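First up is the structure itself, then whatever we jot down about it.
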Amino acid sequence: MFTIIIKENTQEMAVAAFEVLREVLDKKPNAVLGLATGSSPIGLYRKMIEDHKQTGRSYKDVVTFNLDEYVHIERNHPQSYYTFMKEHLFDHIDIDLANVHIPNGNAADFDIEVKRYEDELNKFHVDLQVMGIGSNGHIGFNEPGTPFTALTHVEALKESTRNDNARFFASIDDVPTHAVTMGIASIMKAKKILLLASTSYKAKAIAAMIHGPITENCPASILANHPDVVVIVDKAAASLIADEKY
Ligand code: F6R
């Protein structure tokens, strides 16, 4: 079930997103959080840091699981998702890095790595999964066509996704071709999902997710079957759904 919140801009989106997270953390200081990288959650992470500095809220008992990591990338590579999380969040709060889980993009054997990650995830129950959405409707790096039953696996990135992410690399040739990602079935186990999207570039994907049909061609469309999905969008991302009542 979708709860849709439409905001004027990304600053207001971040405030609303932090409200959702705060409710979870107030009830459960040792919450298990699913986290994402990319532009969409950056404002939320800023709010988390601000709140930590102002109120002293502690993250030392929080456990985190990131959705994905590029394949064949060193953990300390400037564009690894591990580095992203350190720079945008972990280095600025009191999280215990022992409680942080991010797939190993440099594993010697990815069959072992995907199983290890899924097994680790299954020892917990994600209270809140934060995520963005690709312009092609991907969630995590589950690209269109990925079975809804997929668990953590290695995914070949679509050219459109590589192009979208090329802005972070020197050239398109440097963008990894594969990623380890939680599967759609792994994501659907979260108790609550918080999906953030801004700009008109995401409008089609948001409309396809909300309006359906539920199809593997739009991985995010499966979220209609999840009991609790909060979607926070700016007006541009909501432009193809804005005249409807939710
Ligand atoms: C990142 C992830 C991706 C992004 C999506 C949107 O961990 O799982 O699904 O959320 O590609 O990226 P941004 O937010 O950069 O538009």
Q) Could you state the number of Å between the C-alpha centres of region 175-217 and region 18-74? A) 19
**Q.** Global geometry of region 122-246, whether rounded, prolate or oblate, following the gyration tensor of its Cα atoms and the 1.5 cut on a/c
**A.** oblate
Q) Hey, if we sort 82, 70 by accessible area with the 1.4 Å probe, largest down, what's the order? A) 82, 70
Q) Roughly speaking, what is the stretch gain from residue 23 to residue 57, that is 0.36 nm per residue apart minus the C-alpha to C-alpha distance, in nm to one decimal? A) 11.0 nm
Q.
Can you compute log10 of I(q)/I(0) for the chain with the Debye formula, treating each Cα as one identical point scatterer, at q = 0.17 Å⁻¹?
A. -1.40
Q. Picking from 215, 161, 149, which is most flexible by a Gaussian network model of the chain using Cα springs under 10 Å?
A. 149
Q.
Check which residues have an amide H placed less than 5 Å from residue 7's amide H, if you skip close sequence neighbours.
A. 233, 234, 235
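Which entries in the list 7/235; 158/202; 53/192; 7/202; 27/192; 191/235 go over 18 Å, if you measure between the two C-alpha atoms of each?
Values: 7/235 6 Å; 158/202 16 Å; 53/192 26 Å; 7/202 14 Å; 27/192 14 Å; 191/235 27 Å.
In this structure, 53/192; 191/235 lie more than 18 Å apart at Cα.
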**Q.** Shape category assigned to region 1-75 from the gyration tensor of Cα positions, a/c cut at 1.5
**A.** oblate
**Q.** Mean ellipticity per residue at 222 nm, deg cm²/dmol - from DSSP H runs of n ≥ 4 across the chain, formula -39500 (n - 2.57)
**A.** -9000 deg cm²/dmol
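Starting from the Cα-Cα distance between residue 125 and residue 168, subtract it from 0.36 nm times their residue separation and give me the gain in nm to one decimal. Mind showing how you got there, number by number?
Numbers: separation 43, 0.36 × 43 = 15.48 nm, distance 3.18 nm.
Gain in length upon complete extension: 12.3 nm.
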Q: Send over the semi-axes of region 43-171's equivalent ellipsoid, whole angstrom and largest first, taken as the square roots of 5 times the C-alpha gyration tensor eigenvalues.
A: 25, 18, 15
Q. What's the extension gain from residue 177 to residue 3 if we count 0.36 nm per residue and subtract their Cα-Cα distance?
A. 59.2 nm
**Q.** DSSP beta bridge pairing in region 2-234, given as percent antiparallel to the nearest 5
**A.** 25
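The values are calculated or read from the model by the stated rules, or taken from the named source; none is laboratory data. Predicted model, so just to flag it, every value in this text is computed and none were measured. SASA here: full protein model, heavy atoms, side chains in, ligands and nucleic acids out. Shrake-Rupley method; radii C 1.70, N 1.55, O 1.52, S 1.80 Å.
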